[in-house]
Structure formats: structure tokens, C-alpha cells
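Before any comments, here is the structure.
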Amino acid sequence: MSYQRRLLTLRTPFLCGVLVIIVLMASCGSVFSTQKLMMIEASFNPTQTDQGVYVSVVGRVFDLDNSSLSNALISIEVIGPQGSSVHVAVAYTDSNGLFQDTFNMAQSSPAGNYTAYLTADKPGYDTAHQNLIFVYLTPDFALESSISALMIQQGQTSSLTLTVLSLRGFNDIVNLTAINQPPGVTIQFNPSSLVPSGSTTVNIQVSFMAANGNYTFEFLGVSGSLTHKAILQLQIEPGPMQPALVLAGAVVVIGMIVLTARSRKSRRRREQIVDEFLRQAGADTGYVATARALARLEELRAMNKVDESTYQRLRKDYEKRLEKSTS
């Protein structure tokens, strides 16, 4: 076999192999070219509340041209400083490529770094990832009541324990008060301020004048700009009758009866005096007798033995008689 023929024989398999590789690379390139690049950006937005920290995760998904991508699936997992999962959620981007997720961290949550692992998926795009870190170190306190509901009768007193807990090294003075308590309810704290962690005794006194019913009011702990509260449901029930109140009521009733009897007796006495006056004055209708009757009427009025309306009526009557006797 000539040298040229042997060389052609060796080149043919090599060229076929190169051709196969080129075809494979072209086909793979066509597959890879269908997957577009997708990116994700997001941030933590924590807000302090009465119950702890309200955390919002907001973000946007977009492509290489910075065009927003809608309907992208966002997987969210938040890992706490102790390595355990504290929140898992799924969200979708809107027409502007935006997404949002929220969760609450309790006041007792441990301090440290909280990491959110975000993954964005959408058909036709590469998967996008982003990690966020939120540091939770702010000192705070919590307010806890030994009971959440209490029933007290009118005229009675009850008590409970209110505990102020230190969170993440909090050591400032917390002032305690109550708000929205119903009328007739007196609340005293012993002590009314303390440095957590510590407890105070709350005495709740319900007067006899407090209205029956169910009420909701709040214990409030204030330290600087931090404010936390504990809610108490109070049920006021009718209490036993107080002896002093019963006696006072009896005295009032008896007094009213005595006054009514005296009023009736006085009225009857006045009626008898008026009748006697009319009988004496009615026999003589002359000028002198009429003038004497008027004088007697004035005397009875001064002695409070005739009521005002009767006096005015009789006076007009006898003045008319005088006019007739002189005509």
C-alpha cells in the first residue's frame, strides 16, 4: 500500500471523530442557549412590635436586560443562629417582578444571625440564588401575666402576678401601669417599677358601684421608647349585699315613709283650718267681716297654716267681696 493511501486511511477515522464532536457540541449549544440567565435581589426589613419583631422579606427577579420577570417561584427558608429552621415559605413574583414574605420573631428569640436562603425558579431560566443575613441583638423586655382572665365580685379584691422578663441583656427600669380599666375598678402595682427580670403583685379592687359585665383592659410596661403590654379579661359579678348599704337603704325608706306621713298630716291640718276659717267667715258678708276675714287669712299664711294656692284663691275671693260691699 502506498504512503498516500495509508495516510488517507488514518485520516478518515480522525476526521469522522472530529465531525461527531462538532455535531455534539452544536446540539448541546442549542440546548444550553434556551436557558436564560435570571437574577434575584432582596432585603430584610425588621420592625419592633409589642409581640417581638415583625420581619418582611421583599425582593425583585429580573433578567440580564433588567427586565422584570413575573410568575417566578421564590422559595424562602430562614435559619436561626442555633442552626434550626424558623420560617419556610413560598412566594410568586407579580407583573413587576416583585415578591414579599413576612414572619414574626417572638420576643424570646435568641440573639444572633438569622440567614434567609432564597431560590428563584422559572421555566426557561437558570435558577437564581441569594442569601440574606439579619442580626438580631437589640435588648428588649417582655411582659407576662400569671393569668389572662379573672372573675371578681362587686366589693371584692383579687390579685395576680405580673412578670417582666429581660431579653438579650435588657437591664433598664420598666414602669408599670394599667389602661382602659372600667369605672369602679382600682389597680395597684407593688412595686410599680422594676429592673427585669422581676415580678410585681397587682391588686385589683372592684367597688360595689362597678357595673356587672365583661371587660378587657391592659397592663402596660414602658421603658424609654419600648412599650409592651399584657391583656386581662375581667368579669365583674354581683357581690353580696353590704350590711351598711342595707341599713342605709332601710333608713332611706323609713325616712320617706315618715316624711310622707307628716306631709299628709300637715295637709289634713291645713284643710281643717281652712274649713274652720270658711265656716266663721261665711256667715257674715259685710265689709267689716270681709276685711276681718282677709286679715285672718294673712295671719294663717304667715303661720304657714294655709298653702299658697289656697291663700291666693281665697284672697281673690274676699277682695271681690270687699269691692261689692263698697259699691
- Task: Might you check whether a residue that is surrounded by fewer than 17 Cβ atoms within 10 Å (Cβ to Cβ), outside the structural domain of Tyr54 (by TED's automatic domain parsing) and among the aliphatic types (A, V, I, L, M) occurs anywhere in segment 153-172?
- Result: no
- In segment 149-174, what count of residues is obtained for those that are without any contact (Cβ under 8 Å) to a residue 60 or more places away in the chain and not β-branched (Val, Ile, Thr)? 9
- With respect to Thr93, is the statement that it is modelled with pLDDT of 90 or more and touching a Ser or Thr at 6+ places or on another chain (Cβ under 8 Å) true? yes
- So, of the residues in segment 117-143 that are touching a His at 6+ places or on another chain (Cβ under 8 Å) and within 20 Å of Leu98 (Cβ to Cβ), which turns out to be surrounded by the most Cβ atoms within 10 Å (Cβ to Cβ)? Ala120
- Lys229 touching a strand residue (DSSP E or B) at 6+ places or on another chain (Cβ under 9 Å), at pLDDT below 95 and among the charged types (D, E, K, R): yes
- Message: Looking for something surrounded by fewer than 14 Cβ atoms within 10 Å (Cβ to Cβ) and not hydroxyl-bearing (Ser, Thr, Tyr) - is there at least one such residue anywhere in segment 68-77?
- Response: yes
- Message: Any residue that is surrounded by fewer than 16 Cβ atoms within 10 Å (Cβ to Cβ), at pLDDT below 95 and farther than 24 Å from Thr127 by Cβ - is there at least one of those in segment 26-45?
- Response: yes
- Message: Here is a list: Thr186, Thr177. Which entry is without any contact (Cβ under 8 Å) to a residue 40 or more places away in the chain, touching a strand residue (DSSP E or B) at 6+ places or on another chain (Cβ under 7 Å) and closer than 23 Å to Met151 by Cα?
- Response: Thr186
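The values are calculated or read from the model by the stated rules, or taken from the named source; none is laboratory data. This structure is a prediction, so every number in the text was calculated from the model and none was measured. Using ideal geometry, Cβ is built from the backbone for each residue, glycine included, and neighbour counts are taken over all protein chains shown.
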